[in-house]
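Colleague: Below you'll find the structure I mean.
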Amino acid sequence: MKILVTVKRVEDYESKIKVKPDNTWIVTEGVNYRANPFDEIAVEEALRLRDANMPSEVVAVSIGSGTAQAEIRSALAMGADRGILVKHDGFLDSDAVARILVKVVEKEKPDLILMGKQAVDVDDNVCGQLLAEYLGYGQATFASKKESLESAEEKAKKPGLKLGADKKTMQVVREVDGGVETLELQLPAVVTVDLRLNIPRYASLPNIMKAKKKPIEEIAPGVDVSPKVKVVKVEAPPARAAGVKVPDVATLVQKLHDEAKVV
């Protein structure tokens, strides 16, 4: 089976983010970048599915400038077999990303597309749903994992997504209000993954060296990427007010009631 997994280049969430003086976007100079954490979980799940269902192939795809090769190399170092970089400089909204991925899927014809449920830079959480709609595929969002009594070592090897015996269906557990539900999908399908599905592995030094020799194909978008969504303004959150000490409980309750208005 062939698994296509997305790897987006995003600002490191531990970086100190500043807004540009003209409020058009953030200051990117000096900001560290990394692979989207949700996409790293998708890569890990793709590798577990591949290893449990050999022979299989994991293809990592990213969209962006040449610098996005670094995130693809990270996926290759984790164990992905090859990479695809869709070269594009500039802003892309989620709809454009989904339409670009449609072209990649039509070219690669994967059995399964795995994506992070959202990217931590813009938090749109719509790209996977749009892709499934454009392809006419079944979809499952927020894939999670049932708790089990297995050891940590056993859990680290097994995929959370369950492939059917005929390899034409897949069961996906997802979190809902008050519990979990299990969906069965006909393949090919699109699945977006959540935090508790797995813990991504660290790339070993030998695998990092091997990743340098793995192929990354560069292709053009192949579609009109004119955005349907425009960022009008970016603002920093208001500065937090300094805390105050109160002499007694009565004063605390009074401030919570009159000033904070939470009681």
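Values quoted throughout were computed directly from the atomic coordinates according to the rules given, and no laboratory measurement underlies them. Every value quoted in this text rests on a predicted model; they were computed, and no experiment measured them. Quick reminder, even Gly has a Cβ in these numbers, built from the backbone with ideal geometry, and neighbours come from all protein chains shown.
Colleague: For a protection proxy built on the mean count of beta-carbon atoms within 10 angstrom, sort 19-26, 256-263 highest first, please.
Modeller: Highest to lowest by the protection proxy: 19-26, 256-263.
Colleague: Output the relative contact order of the range 1-92, whole-number percent, from Cα pairs under 8 angstrom with separation of 6+ residues.
Modeller: 33 percent
Colleague: Which of the lysines could a cross-linker bridge to K158, judged by Cα under 26 Å and excluding same-chain residues fewer than eight apart?
Modeller: K2, K8, K109, K117, K145, K146, K167, K168, K210, K214
Colleague: Positive end of the charge dipole of the range 1-131 (Lys, Arg +1 and Asp, Glu -1 on Cβ, about the Cα centre): tell me which of C127, M78, N32 has its Cα farthest that way.
Modeller: Towards the positive end, the residue furthest out is M78.
Colleague: Let me ask something else about it. Out of V249, V43, V176, any idea which swings most in a Gaussian network model of the chain, alpha carbons joined below 10 Å?
Modeller: Sorting by GNM fluctuation, first place goes to V249.
Colleague: Wrap a convex hull around the Cα atoms of the chain, take a quarter of its surface area, and give that in square nanometres.
Modeller: Mean projected area for the chain: 19.2 nm², to one decimal.
Colleague: Summing -39500 (n - 2.57) over the DSSP H runs of n ≥ 4 in the chain and dividing by its residue number, what mean residue ellipticity at 222 nm do you reach, to the nearest 500 deg cm²/dmol?
Modeller: -7500 deg cm²/dmol
Colleague: Explain nothing, just the number: relative contact order of the range 62-141, from Cα pairs under 8 Å at least 6 residues apart, as a whole percent.
Modeller: Contact order relative to length: 25 percent.
Colleague: Based on DSSP, what percent of beta bridges with both residues in the chain are antiparallel, to the nearest 5?
Modeller: 35 percent
Colleague: Of the listed peptides 220-228, 119-127, what is their order by residue-averaged count of other C-beta atoms within 10 Å, with the highest listed first?
Modeller: Order by mean packing, descending: 119-127, 220-228.
Colleague: Something else: Go ahead and set up a Gaussian network model of the chain, Cα springs under 10 Å, then flag whichever of D51, D177, D89 fluctuates most.
Modeller: Comparing D51, D177, D89 in the GNM, the peak value goes to D177.
Colleague: Among Q254, Q171, A242, which residue has its Cα positioned farthest towards the positive end of the charge dipole of the range 2-260, with +1 placed on the Cβ of Lys and Arg, -1 on the Cβ of Asp and Glu, and the dipole taken about the Cα centre?
Modeller: In the range 2-260, that residue is Q171.
Colleague: Work out the length of the dipole vector of the chain about its Cα centre, built from +1 on the beta-carbon of each Lys and Arg and -1 on the beta-carbon of each Asp and Glu, and round it to the nearest 20 debye.
Modeller: In total the dipole reaches around 620 debye.
Colleague: Please pull out the direction-averaged projected area of the range 86-204, using the convex hull of its alpha-carbon atoms, in nm² to one decimal place.
Modeller: 9.5 nm²
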